[in-house]
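See below for the structure under consideration.
The values are calculated or read from the model by the stated rules, or taken from the named source; none is laboratory data. Since the structure is predicted, the reported quantities are computational estimates derived from the model, not experimental observations. Note that we place each Cβ from the backbone using ideal geometry, even for glycine, and neighbour counts take in every protein chain shown. Keep in mind that these areas ignore ligands, DNA and RNA; they rest on the heavy atoms of the full protein, side chains included. Shrake-Rupley method; radii C 1.70, N 1.55, O 1.52, S 1.80 Å.
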Amino acid sequence: MKILVVGGGGREHAVAWALRRHGHAVLCAPGNPGIGRVAERLPVAAEDIDGQVQLAVEKKVDLVVVGPEAPLVLGLADALADRGVPCFGPTRKGAQLEGSKSFSKEFFARHGIPSAEFFSCRSMDEVERALAHLGDSVVVKADGLAAGKGVVVCSSAREARAAARRMLVERELGAAGERVVVEQRLMGREASILALTDGERIAVLPPAEDHKAVFDGDLGPNTGGMGVVSPTNAVSAAILDRVRAEVLLPTVRGLASEGIVYRGVLYAGLMITSDGTPLVLEYNCRLGDPEAEPLFMRWEDDPAPWLLGAATGNLPGGEPCFSPRTAACVIMAAEGYPASPRSGDEIEGIREAESLSDVVVFHSGTRQMGDRLVTAGGRVLAVTALGDDVDAARARAYEAAAMIRWRGVHYRRDIGLRDRR
Ligand code: AMP
Ligand code: GLY
């Protein structure tokens, strides 16, 4: 097949790498230097909807796989459908599940999908009413997309008021903060469950555990994700069955009943409570990053028929085949990430790291400058390794990471530690 991957981060590198491994011709726009080794790169921005559609039509691709949420929220799937090009990724309406917290929370309520109690607020008066009802332990979320900066987990009403004021009154996040959701703070263990869907049926991928906070021990501000292990002991087979029955299938049926065309991936960010109940923290309308890196490294059969099947309303029967081994992914970040990452530092040692068996170094934020590879973003590399268990996978990933260096590099040392038995 000829497949266009839209985006240019570690997730897109993992998708392109897996498709190339199965012999497909892969194009990627805009891509990055790592992706350039497995795909033909084309200089079209992910958010350039007209440009991406033109590219797909001109290059006569069989399938477009959309990495990030922004082009989906802008209607890339709708525009491709108008030209008859299959797209793995939901329509603009479907992408609201991620693009608007109020939309998704109201959708959960309409369809009985388990989630935290919430209030959607447009003013500080409404925030006060929410706090009076929910008490002091709440989470304040900007309604719109805010690149990971729109969620504040609070321990006091004062903290919650301050966060809401920054969004609603001071407009720190611009239009994304015109509305905020104030919701009950949930306790438990987080997990990411991704399912492919053709709008009717689902194929659930193995569970993964992200590590959102920037520092070891879950300290410091939240990031886009500092590392992932898959599988994870946070999700037993019994919990996975509950997620399928209580969360994923009601979501797919709910979307269809509202006339929303949703073909792509449903990514449920879950809190698993101490008694094993899965509650949805959020939905994303795309593959997770870095969840995609370990998942596509473990994916054994050809992903293309699954992605095309989802995109065309014709998901194959059964389940895709995943390696029983564990994959661990360690994100190596630039100095200053997440607040203000520095770019332009020269990266060394990738080739040595990749000479280790069972290791792939996916590029997230890199740029080629002449013959030097330099940092170009907060999350720079996603060093991913397979092992027979979580200890072996972690050991190999950290052995590889230790061979890579640049000025100010930092990464968590405890990815997967919670998963050791
Ligand atoms: P979200 O973008 O909604 O997934 O939120 C980002 C992160 O904030 C999640 O991964 C959780 O760590 C945390 N979070 C969000 N909602 C809640 C909640 N209701 N209770 C506790 N933590 C939450
Ligand atoms: N790993 C978190 C995300 O992709 O949103």
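Could we say that Val330 is among the aliphatic types (A, V, I, L, M), buried (at least 21 other Cβ atoms within 10 Å of the Cβ) and in contact (Cβ under 8 Å) with a residue 24 or more places away in the chain here? Yes. State whether the residues of region 147-168 include one that is open to solvent by less than 20 Å² (accessible area, probe 1.4 Å), within 13 Å of ligand 1 (Cβ to nearest atom) and closer than 29 Å to Pro90 by Cβ. Yes, region 147-168 contains a residue that is open to solvent by less than 20 Å² (accessible area, probe 1.4 Å), within 13 Å of ligand 1 (Cβ to nearest atom) and closer than 29 Å to Pro90 by Cβ. Quick one: would you say Val409 is open to solvent by 10 Å² or more (accessible area, probe 1.4 Å) and in contact with a helix residue (DSSP H, G or I) (Cβ under 8 Å, 6 or more places away or on another chain)? No; evaluated as a whole, the condition is false for this residue. Considering region 194-233 alone, what residues qualify as being more than 17 Å from Leu287 (Cβ to Cβ), touching a residue at least 12 places away in the same chain (Cβ under 8 Å) and of a type in the set (D, E, K, R)? Once the filter is applied, which keeps residues that are more than 17 Å from Leu287 (Cβ to Cβ), touching a residue at least 12 places away in the same chain (Cβ under 8 Å) and of a type in the set (D, E, K, R), region 194-233 yields Glu200, Arg201, Asp216. Residues of region 1-55 being of a type in the set (Val, Ile, Thr) and part of a strand (DSSP E or B), which ones? Matches in region 1-55: Ile3, Val5, Val6, Val26.
Assess whether Ser343 counts as being small (Gly, Ala, Ser), touching a strand residue (DSSP E or B) at 6+ places or on another chain (Cβ under 9 Å), open to solvent by 40 Å² or more (accessible area, probe 1.4 Å) and modelled with pLDDT of 95 or more. Don't jump to the end; show me each part of the working.
Values: small (Gly, Ala, Ser): yes; touching a strand residue (DSSP E or B) at 6+ places or on another chain (Cβ under 9 Å): yes; open to solvent by 40 Å² or more (accessible area, probe 1.4 Å): yes; modelled with pLDDT of 95 or more: yes.
So Ser343 fits the description; yes.
Just one of the listed residues (Glu128, Glu106, Glu117) is more than 10 Å from ligand 1 (Cβ to nearest atom), over 23 Å from Val261 (Cβ atoms) and open to solvent by 50 Å² or more (accessible area, probe 1.4 Å), and it is Glu128. Each residue in region 283-298 was checked for being within 16 Å of ligand 1 (Cβ to nearest atom) and touching a Ser or Thr at 6+ places or on another chain (Cβ under 7 Å), and 3 pass. Which of the residues that make up region 11-56 are closer than 24 Å to Pro305 by Cβ and in contact with a Gly (Cβ under 9 Å, 6 or more places away or on another chain)? Of everything in region 11-56, those that are closer than 24 Å to Pro305 by Cβ and in contact with a Gly (Cβ under 9 Å, 6 or more places away or on another chain) turn out to be Arg11, Glu12, His13, Val15, Ala16, Trp17, Cys28, Ala29, Gly31, Ile35, Ala39, Glu40. Selection over region 305-339 of residues that are farther than 27 Å from Arg394 by Cβ and modelled with pLDDT of 95 or more gives a count of 12. When you look at Val243, is it open to solvent by less than 10 Å² (accessible area, probe 1.4 Å), within 11 Å of ligand 1 (Cβ to nearest atom) and over 28 Å from His410 (Cβ atoms), yes or no? For Val243, the condition - open to solvent by less than 10 Å² (accessible area, probe 1.4 Å), within 11 Å of ligand 1 (Cβ to nearest atom) and over 28 Å from His410 (Cβ atoms) - is not met.
Within region 169-191, if we keep just the residues that are more than 10 Å from ligand 1 (Cβ to nearest atom) and not hydrophobic (A, V, I, L, M, F, W, C), the residue that is least open to solvent (accessible area, probe 1.4 Å) turns out to be Gly177. Counting only residues that are within 13 Å of ligand 2 (Cβ to nearest atom), open to solvent by 10 Å² or more (accessible area, probe 1.4 Å) and among the hydrophobic types (A, V, I, L, M, F, W, C), region 264-286 holds 1 of them. Residues in region 192-233 that are under 24 Å from Met332 (Cα atoms), open to solvent by less than 20 Å² (accessible area, probe 1.4 Å) and of a type in the set (A, V, I, L, M, F, W, C): Ile193, Leu194, Ala208, Ala213, Val214, Met226, Val228, Val229.
Identify the residue in region 247-263 that is open to solvent by 30 Å² or more (accessible area, probe 1.4 Å) and either among the small types (Gly, Ala, Ser) or modelled with pLDDT of 95 or more (or both) and, among all such residues, is nearest to Glu98 (Cα to Cα).
Applying the filter and picking the extreme gives Arg263.
Given the condition more than 16 Å from ligand 2 (Cβ to nearest atom), under 30 Å from Asn233 (Cβ atoms) and hydrophobic (A, V, I, L, M, F, W, C), answer yes or no: does some residue in region 140-158 qualify? Yes.
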